[in-house]
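Asks: Here it is, the structure in full.
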Amino acid sequence: MTNPSGGPTMKKTIIGIMAATLALSSGLTSPAFAQYQERTIRVGSTLSPEHPTGVAINAMAACAAERTDGQMTIQGIFNAALGGDQEMSQAARAGTLDMFVTTTSPLVGLESRLGVFDLPFMFNSTEEVNAVLDGEFGQFIGDLMPEHDLVKVSFWDYGFRQLTNSRRAVASVEDFQGLRVRVIQNNIFIDAFSALGANPIPMSWGEVFPALETGAIDGQENPLLTIYDAQLYDVQDYLSLTNHVYAALMLLYSETLFNQLSTEEQAVVMECAAEAQTIQRAGMAERADAALAALEEEGMEIVRPEPAAVDAMREAMGVVYETHAETIGQDVIDRLNAELATIRGQ
(Lines give C-alpha, C1' and ligand atoms only; values in the text may rest on other atoms or scores of the structure.)
Protein backbone atom coordinates (compact mmCIF):
# COMPACT_ATOMS: atom_id res chain seq x y z
CA MET A 1 0.00 0.00 0.00
CA THR A 2 1.57 3.28 -1.12
CA ASN A 3 -0.33 5.65 1.16
CA PRO A 4 -2.44 4.94 4.26
CA SER A 5 -5.87 6.54 3.96
CA GLY A 6 -5.85 10.05 5.34
CA GLY A 7 -2.09 10.01 5.89
CA PRO A 8 0.11 13.11 5.47
CA THR A 9 1.20 12.26 1.92
CA MET A 10 -2.37 11.71 0.74
CA LYS A 11 -3.47 14.98 2.39
CA LYS A 12 -0.66 16.87 0.65
CA THR A 13 -1.69 15.26 -2.64
CA ILE A 14 -5.32 16.27 -2.19
CA ILE A 15 -4.34 19.84 -1.26
CA GLY A 16 -2.11 20.02 -4.32
CA ILE A 17 -4.88 18.74 -6.59
CA MET A 18 -7.30 21.32 -5.21
CA ALA A 19 -4.82 24.12 -5.77
CA ALA A 20 -4.01 23.00 -9.29
CA THR A 21 -7.69 22.54 -10.14
CA LEU A 22 -8.40 26.07 -8.94
CA ALA A 23 -5.57 27.36 -11.11
CA LEU A 24 -6.89 25.46 -14.12
CA SER A 25 -10.43 26.73 -13.69
CA SER A 26 -9.18 30.28 -13.12
CA GLY A 27 -7.11 30.23 -16.29
CA LEU A 28 -3.88 30.77 -14.33
CA THR A 29 -2.28 27.54 -15.49
CA SER A 30 -1.64 26.83 -19.16
CA PRO A 31 0.16 24.07 -21.07
CA ALA A 32 3.12 26.42 -21.45
CA PHE A 33 3.72 26.52 -17.71
CA ALA A 34 2.06 23.41 -16.30
CA GLN A 35 4.02 20.23 -15.75
CA TYR A 36 2.56 17.95 -18.44
CA GLN A 37 4.38 14.99 -19.92
CA GLU A 38 3.42 13.09 -23.02
CA ARG A 39 1.63 10.04 -21.64
CA THR A 40 -1.14 7.58 -22.45
CA ILE A 41 -3.60 6.70 -19.70
CA ARG A 42 -5.62 3.52 -20.25
CA VAL A 43 -9.15 3.22 -18.87
CA GLY A 44 -10.71 -0.24 -18.77
CA SER A 45 -14.45 -0.92 -18.94
CA THR A 46 -16.64 -3.98 -19.42
CA LEU A 47 -19.15 -1.77 -21.27
CA SER A 48 -19.26 -0.74 -24.91
CA PRO A 49 -18.05 2.57 -26.38
CA GLU A 50 -21.70 3.38 -27.18
CA HIS A 51 -22.82 2.99 -23.56
CA PRO A 52 -23.09 6.36 -21.72
CA THR A 53 -20.04 5.28 -19.74
CA GLY A 54 -18.05 4.80 -22.95
CA VAL A 55 -19.28 8.16 -24.22
CA ALA A 56 -18.16 9.75 -20.94
CA ILE A 57 -14.71 8.16 -21.10
CA ASN A 58 -14.25 9.53 -24.60
CA ALA A 59 -15.47 12.96 -23.44
CA MET A 60 -12.94 12.80 -20.62
CA ALA A 61 -10.24 11.99 -23.18
CA ALA A 62 -11.19 15.00 -25.31
CA CYS A 63 -11.16 17.25 -22.24
CA ALA A 64 -7.71 16.04 -21.14
CA ALA A 65 -6.25 16.43 -24.63
CA GLU A 66 -7.53 20.00 -24.82
CA ARG A 67 -6.32 20.95 -21.34
CA THR A 68 -2.83 19.56 -21.90
CA ASP A 69 -2.41 20.61 -25.54
CA GLY A 70 -2.43 16.97 -26.59
CA GLN A 71 0.17 15.78 -24.09
CA MET A 72 -2.27 13.57 -22.16
CA THR A 73 -4.00 10.79 -24.11
CA ILE A 74 -6.81 8.94 -22.31
CA GLN A 75 -7.52 5.67 -24.10
CA GLY A 76 -10.75 3.81 -23.38
CA ILE A 77 -10.51 0.03 -23.66
CA PHE A 78 -14.03 -1.38 -23.80
CA ASN A 79 -16.08 -4.60 -23.86
CA ALA A 80 -14.02 -6.29 -21.13
CA ALA A 81 -10.97 -6.43 -23.41
CA LEU A 82 -8.82 -6.16 -20.26
CA GLY A 83 -10.91 -8.69 -18.34
CA GLY A 84 -13.76 -8.40 -15.89
CA ASP A 85 -14.06 -6.07 -12.91
CA GLN A 86 -11.95 -8.29 -10.68
CA GLU A 87 -9.14 -8.58 -13.22
CA MET A 88 -9.08 -4.83 -13.84
CA SER A 89 -9.09 -4.14 -10.10
CA GLN A 90 -6.11 -6.43 -9.59
CA ALA A 91 -4.24 -4.83 -12.47
CA ALA A 92 -4.82 -1.30 -11.17
CA ARG A 93 -3.78 -2.25 -7.65
CA ALA A 94 -0.62 -3.81 -9.09
CA GLY A 95 0.12 -0.65 -11.08
CA THR A 96 -0.28 -2.23 -14.53
CA LEU A 97 -3.56 -0.46 -15.44
CA ASP A 98 -4.15 3.25 -14.96
CA MET A 99 -7.92 3.47 -14.52
CA PHE A 100 -11.04 1.34 -14.70
CA VAL A 101 -14.80 1.68 -14.23
CA THR A 102 -16.75 -0.79 -12.14
CA THR A 103 -19.90 -1.05 -10.08
CA THR A 104 -19.25 -1.21 -6.36
CA SER A 105 -20.61 -4.75 -5.96
CA PRO A 106 -17.59 -6.66 -7.38
CA LEU A 107 -15.33 -4.78 -4.95
CA VAL A 108 -17.18 -5.85 -1.79
CA GLY A 109 -14.70 -8.71 -1.30
CA LEU A 110 -11.93 -6.11 -1.30
CA GLU A 111 -13.72 -3.47 0.79
CA SER A 112 -16.67 -4.84 2.77
CA ARG A 113 -18.04 -1.37 3.58
CA LEU A 114 -19.01 -0.98 -0.08
CA GLY A 115 -21.69 -3.56 0.64
CA VAL A 116 -23.86 -0.75 2.00
CA PHE A 117 -24.78 0.09 -1.61
CA ASP A 118 -26.06 -3.46 -2.16
CA LEU A 119 -28.58 -3.32 0.69
CA PRO A 120 -32.08 -3.50 -0.80
CA PHE A 121 -34.31 -0.43 -1.06
CA MET A 122 -31.73 1.91 0.46
CA PHE A 123 -32.48 4.70 -2.04
CA ASN A 124 -35.76 6.12 -3.31
CA SER A 125 -34.53 8.04 -6.35
CA THR A 126 -31.55 8.86 -8.52
CA GLU A 127 -31.59 12.38 -7.06
CA GLU A 128 -31.05 10.92 -3.60
CA VAL A 129 -28.24 8.73 -4.90
CA ASN A 130 -26.41 11.62 -6.53
CA ALA A 131 -26.75 13.79 -3.43
CA VAL A 132 -25.21 11.00 -1.34
CA LEU A 133 -22.40 10.16 -3.74
CA ASP A 134 -21.48 13.82 -4.27
CA GLY A 135 -21.71 14.58 -0.56
CA GLU A 136 -19.97 13.64 2.67
CA PHE A 137 -20.79 9.94 2.42
CA GLY A 138 -19.32 9.73 -1.07
CA GLN A 139 -16.18 11.43 0.25
CA PHE A 140 -16.05 8.90 3.09
CA ILE A 141 -16.22 6.01 0.59
CA GLY A 142 -13.59 7.65 -1.58
CA ASP A 143 -11.27 8.01 1.40
CA LEU A 144 -11.35 4.22 1.88
CA MET A 145 -9.88 3.49 -1.53
CA PRO A 146 -6.18 4.27 -0.81
CA GLU A 147 -6.30 1.44 1.74
CA HIS A 148 -6.54 -0.79 -1.33
CA ASP A 149 -4.01 1.03 -3.53
CA LEU A 150 -6.74 2.85 -5.46
CA VAL A 151 -7.87 6.47 -5.84
CA LYS A 152 -11.54 7.32 -6.32
CA VAL A 153 -11.77 9.68 -9.28
CA SER A 154 -15.54 9.97 -9.74
CA PHE A 155 -18.92 8.35 -9.10
CA TRP A 156 -20.96 7.63 -12.22
CA ASP A 157 -24.40 6.10 -12.73
CA TYR A 158 -25.41 2.55 -13.63
CA GLY A 159 -29.06 2.76 -12.59
CA PHE A 160 -31.58 0.96 -10.41
CA ARG A 161 -31.80 -2.79 -10.84
CA GLN A 162 -35.07 -4.33 -12.09
CA LEU A 163 -36.38 -7.90 -12.26
CA THR A 164 -37.18 -9.82 -15.45
CA ASN A 165 -38.52 -13.36 -15.76
CA SER A 166 -40.31 -15.69 -18.14
CA ARG A 167 -42.83 -17.31 -15.77
CA ARG A 168 -45.20 -14.65 -14.44
CA ALA A 169 -45.77 -11.00 -13.70
CA VAL A 170 -44.07 -10.19 -10.40
CA ALA A 171 -45.95 -7.49 -8.52
CA SER A 172 -45.80 -8.72 -4.91
CA VAL A 173 -43.70 -10.73 -2.48
CA GLU A 174 -45.88 -13.77 -3.18
CA ASP A 175 -44.98 -13.63 -6.87
CA PHE A 176 -41.30 -14.24 -6.08
CA GLN A 177 -41.98 -17.67 -4.62
CA GLY A 178 -39.88 -20.36 -6.26
CA LEU A 179 -38.52 -18.16 -9.07
CA ARG A 180 -35.04 -19.20 -10.14
CA VAL A 181 -33.34 -15.82 -10.41
CA ARG A 182 -29.78 -15.26 -11.53
CA VAL A 183 -27.97 -12.88 -9.19
CA ILE A 184 -24.42 -11.57 -9.14
CA GLN A 185 -21.95 -13.53 -7.04
CA ASN A 186 -22.58 -11.46 -3.92
CA ASN A 187 -23.92 -12.77 -0.60
CA ILE A 188 -26.15 -9.74 -0.01
CA PHE A 189 -27.99 -10.36 -3.28
CA ILE A 190 -28.30 -14.07 -2.51
CA ASP A 191 -29.76 -13.41 0.93
CA ALA A 192 -32.09 -10.66 -0.34
CA PHE A 193 -33.77 -12.85 -2.95
CA SER A 194 -33.89 -15.80 -0.58
CA ALA A 195 -35.77 -13.59 1.88
CA LEU A 196 -38.40 -12.99 -0.83
CA GLY A 197 -38.87 -16.71 -1.36
CA ALA A 198 -37.02 -16.87 -4.66
CA ASN A 199 -34.26 -19.31 -5.52
CA PRO A 200 -31.22 -17.10 -6.22
CA ILE A 201 -28.58 -18.63 -8.48
CA PRO A 202 -25.17 -16.89 -8.64
CA MET A 203 -23.90 -16.91 -12.21
CA SER A 204 -21.40 -15.02 -14.33
CA TRP A 205 -22.93 -12.59 -16.81
CA GLY A 206 -21.70 -14.49 -19.85
CA GLU A 207 -23.79 -17.52 -18.86
CA VAL A 208 -27.06 -15.65 -18.32
CA PHE A 209 -28.58 -15.43 -21.82
CA PRO A 210 -28.17 -19.13 -22.68
CA ALA A 211 -29.43 -20.10 -19.22
CA LEU A 212 -32.55 -18.00 -19.76
CA GLU A 213 -32.94 -19.35 -23.27
CA THR A 214 -32.85 -22.99 -22.14
CA GLY A 215 -34.98 -22.39 -19.05
CA ALA A 216 -32.22 -23.30 -16.64
CA ILE A 217 -33.18 -20.10 -14.82
CA ASP A 218 -36.44 -18.15 -14.89
CA GLY A 219 -35.15 -14.63 -14.58
CA GLN A 220 -32.44 -12.16 -13.66
CA GLU A 221 -32.09 -8.60 -12.37
CA ASN A 222 -30.21 -5.67 -13.89
CA PRO A 223 -30.64 -1.99 -14.82
CA LEU A 224 -32.92 -1.21 -17.77
CA LEU A 225 -30.17 -0.31 -20.21
CA THR A 226 -28.33 -3.57 -19.53
CA ILE A 227 -31.55 -5.55 -20.03
CA TYR A 228 -32.15 -3.87 -23.38
CA ASP A 229 -28.57 -3.94 -24.67
CA ALA A 230 -28.33 -7.66 -23.86
CA GLN A 231 -31.57 -8.26 -25.82
CA LEU A 232 -33.11 -10.11 -22.90
CA TYR A 233 -36.53 -9.29 -24.35
CA ASP A 234 -35.92 -12.26 -26.67
CA VAL A 235 -35.95 -14.69 -23.73
CA GLN A 236 -37.93 -12.83 -21.03
CA ASP A 237 -41.61 -11.93 -20.99
CA TYR A 238 -42.03 -9.83 -17.85
CA LEU A 239 -40.23 -6.76 -16.54
CA SER A 240 -40.98 -5.68 -12.96
CA LEU A 241 -39.90 -2.15 -12.05
CA THR A 242 -38.83 -2.96 -8.51
CA ASN A 243 -35.90 -0.52 -8.13
CA HIS A 244 -34.66 -2.91 -5.47
CA VAL A 245 -30.96 -1.91 -5.55
CA TYR A 246 -29.12 1.05 -6.99
CA ALA A 247 -25.90 0.23 -8.86
CA ALA A 248 -23.23 2.91 -8.45
CA LEU A 249 -20.28 3.07 -10.83
CA MET A 250 -16.85 4.08 -9.59
CA LEU A 251 -14.06 5.45 -11.77
CA LEU A 252 -10.88 4.35 -9.99
CA TYR A 253 -7.21 5.12 -10.60
CA SER A 254 -4.22 3.01 -9.62
CA GLU A 255 -2.76 4.83 -6.61
CA THR A 256 0.76 3.89 -7.65
CA LEU A 257 0.31 5.38 -11.12
CA PHE A 258 -1.73 8.36 -9.89
CA ASN A 259 1.15 9.38 -7.66
CA GLN A 260 3.44 9.36 -10.70
CA LEU A 261 1.40 12.17 -12.27
CA SER A 262 2.35 15.76 -11.60
CA THR A 263 -0.02 17.80 -9.45
CA GLU A 264 -1.24 19.58 -12.58
CA GLU A 265 -1.85 16.27 -14.36
CA GLN A 266 -3.77 14.93 -11.38
CA ALA A 267 -5.93 18.05 -11.43
CA VAL A 268 -6.67 17.58 -15.14
CA VAL A 269 -7.78 13.98 -14.51
CA MET A 270 -10.08 15.05 -11.67
CA GLU A 271 -11.55 18.05 -13.48
CA CYS A 272 -12.15 16.20 -16.74
CA ALA A 273 -13.72 13.29 -14.84
CA ALA A 274 -16.10 15.75 -13.18
CA GLU A 275 -17.13 17.10 -16.59
CA ALA A 276 -17.55 13.55 -17.88
CA GLN A 277 -19.68 12.67 -14.85
CA THR A 278 -22.31 15.20 -15.93
CA ILE A 279 -22.34 13.74 -19.44
CA GLN A 280 -22.50 10.16 -18.19
CA ARG A 281 -25.35 10.73 -15.76
CA ALA A 282 -27.43 12.67 -18.28
CA GLY A 283 -26.79 9.97 -20.87
CA MET A 284 -27.86 7.22 -18.48
CA ALA A 285 -31.13 8.97 -17.64
CA GLU A 286 -31.94 9.48 -21.32
CA ARG A 287 -30.95 5.97 -22.39
CA ALA A 288 -32.81 4.30 -19.48
CA ASP A 289 -36.07 6.02 -20.47
CA ALA A 290 -35.53 5.01 -24.08
CA ALA A 291 -34.69 1.44 -23.06
CA LEU A 292 -37.92 1.09 -21.07
CA ALA A 293 -39.99 2.26 -24.03
CA ALA A 294 -38.09 -0.06 -26.38
CA LEU A 295 -38.53 -3.06 -24.08
CA GLU A 296 -42.26 -2.48 -24.05
CA GLU A 297 -42.27 -2.18 -27.85
CA GLU A 298 -40.42 -5.50 -28.03
CA GLY A 299 -43.36 -7.13 -26.29
CA MET A 300 -42.30 -7.32 -22.64
CA GLU A 301 -45.09 -6.85 -20.13
CA ILE A 302 -44.15 -3.96 -17.84
CA VAL A 303 -45.16 -4.50 -14.22
CA ARG A 304 -45.27 -1.54 -11.84
CA PRO A 305 -45.70 -2.82 -8.27
CA GLU A 306 -47.96 -0.75 -6.02
CA PRO A 307 -46.24 1.22 -3.21
CA ALA A 308 -47.76 -1.10 -0.60
CA ALA A 309 -46.29 -4.11 -2.43
CA VAL A 310 -42.87 -2.45 -2.54
CA ASP A 311 -43.11 -1.76 1.19
CA ALA A 312 -43.83 -5.46 1.74
CA MET A 313 -40.75 -6.39 -0.32
CA ARG A 314 -38.67 -3.95 1.72
CA GLU A 315 -39.96 -5.46 4.96
CA ALA A 316 -39.28 -9.02 3.79
CA MET A 317 -35.71 -8.06 2.92
CA GLY A 318 -35.16 -6.35 6.27
CA VAL A 319 -33.40 -9.43 7.60
CA VAL A 320 -30.58 -8.75 5.13
CA TYR A 321 -29.64 -5.59 7.03
CA GLU A 322 -29.32 -7.58 10.25
CA THR A 323 -27.38 -10.40 8.61
CA HIS A 324 -24.78 -8.14 6.99
CA ALA A 325 -24.54 -5.30 9.53
CA GLU A 326 -21.43 -6.77 11.13
CA THR A 327 -19.63 -7.29 7.81
CA ILE A 328 -20.52 -3.88 6.38
CA GLY A 329 -20.36 -2.09 9.71
CA GLN A 330 -23.46 -0.85 11.52
CA ASP A 331 -21.75 2.53 11.81
CA VAL A 332 -21.51 2.73 8.01
CA ILE A 333 -25.20 1.88 7.59
CA ASP A 334 -26.15 4.41 10.25
CA ARG A 335 -23.97 7.05 8.62
CA LEU A 336 -25.65 6.57 5.23
CA ASN A 337 -29.14 6.54 6.76
CA ALA A 338 -28.38 9.76 8.65
CA GLU A 339 -27.30 11.49 5.43
CA LEU A 340 -30.41 10.22 3.64
CA ALA A 341 -32.60 11.52 6.44
CA THR A 342 -31.03 14.96 6.03
CA ILE A 343 -31.55 14.85 2.26
CA ARG A 344 -35.19 13.86 2.79
CA GLY A 345 -35.71 16.62 5.33
CA GLN A 346 -36.53 14.21 8.12
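Asks: Rounded to whole Å and sorted largest first, what semi-axes of the equivalent ellipsoid does the C-alpha gyration tensor of the chain yield via the square root of 5 times each eigenvalue?
Replies: In descending order the semi-axes read 37, 22, 18 Å.
Asks: For the residue pair S48 and A294, what label-to-label distance in nm results when each label sits 7 Å from Cα along the Cα-to-beta-carbon direction?
Replies: Label-label distance for S48 and A294, simple model: 0.8 nm.
Asks: Follow-up. So how strong a dipole does segment 39-344 carry about its Cα centre when Lys and Arg Cβ are +1 and Asp and Glu Cβ are -1, to the nearest 20 debye?
Replies: Magnitude of the dipole: close to 340 debye.
Asks: Subtract the Cα-Cα distance of N124 and T278 from 0.36 nm times their separation in residues, and report this length gain in nm to one decimal.
Replies: Roughly 53.4 nm would be gained on extension.
Asks: Which listed residue (L144, N337, S112) has the Cα farthest towards the positive end of the charge dipole for the chain, taking +1 on Lys and Arg C-beta and -1 on Asp and Glu C-beta about the Cα centre?
Replies: L144
Asks: So, with a 1.4 angstrom probe, what is the percent of accessible area on segment 124-243 that is carbon and sulfur?
Replies: That share works out to 43 percent.
Asks: Dipole of the chain (Lys/Arg Cβ +1, Asp/Glu Cβ -1, origin at the Cα centre): which of P223, Q90, V183 lies farthest to the positive side?
Replies: Q90
Asks: Which of A291, A282, A92 moves most in a GNM of the chain, Cα contacts under 10 Å?
Replies: Of A291, A282, A92, the Gaussian network model singles out A282 as fluctuating most.
Asks: Placing +1 on the Cβ of each Lys and Arg and -1 on the Cβ of each Asp and Glu in segment 39-344, which of Q236, T126, I302 has its Cα farthest towards the positive end of the resulting dipole?
Replies: Result: Q236, furthest along the dipole toward the positive end.
Asks: Taking the 0 to 90 degree range and rounding to the nearest ten, how far is the long axis of helix 8-26 tilted relative to the main principal axis of the chain, both from C-alpha atoms?
Replies: The helix 8-26 is inclined about 80 degrees to the chain.
Asks: Loop-only check: which GluC sites (Glu not before Pro) in segment 245-333 are DSSP coil with at most 15 other Cβ within 10 angstrom?
Replies: E298
Asks: Let me ask you something else. Per-residue HN-Hα couplings for segment 173-187, Karplus 6.51 cos²θ - 1.76 cosθ + 1.60 at θ = phi - 60°, whole Hz, x for Gly and Pro?
Replies: Result, rounded to whole Hz: 4, 4, 6, 7, 4, x, 5, 8, 10, 5, 10, 5, 7, 8, 5.
The values are calculated or read from the model by the stated rules, or taken from the named source; none is laboratory data. Here the structure is a predicted model, which is why all the values come from computation and not from measurement. Heads up, the Cβs are rebuilt from the backbone with ideal geometry, glycines too, and the neighbour counts pull from every protein chain shown. Just so you know, the surface numbers come from the protein's heavy atoms only, side chains and all, with ligands and any DNA or RNA stripped out. Shrake-Rupley method; radii C 1.70, N 1.55, O 1.52, S 1.80 Å.
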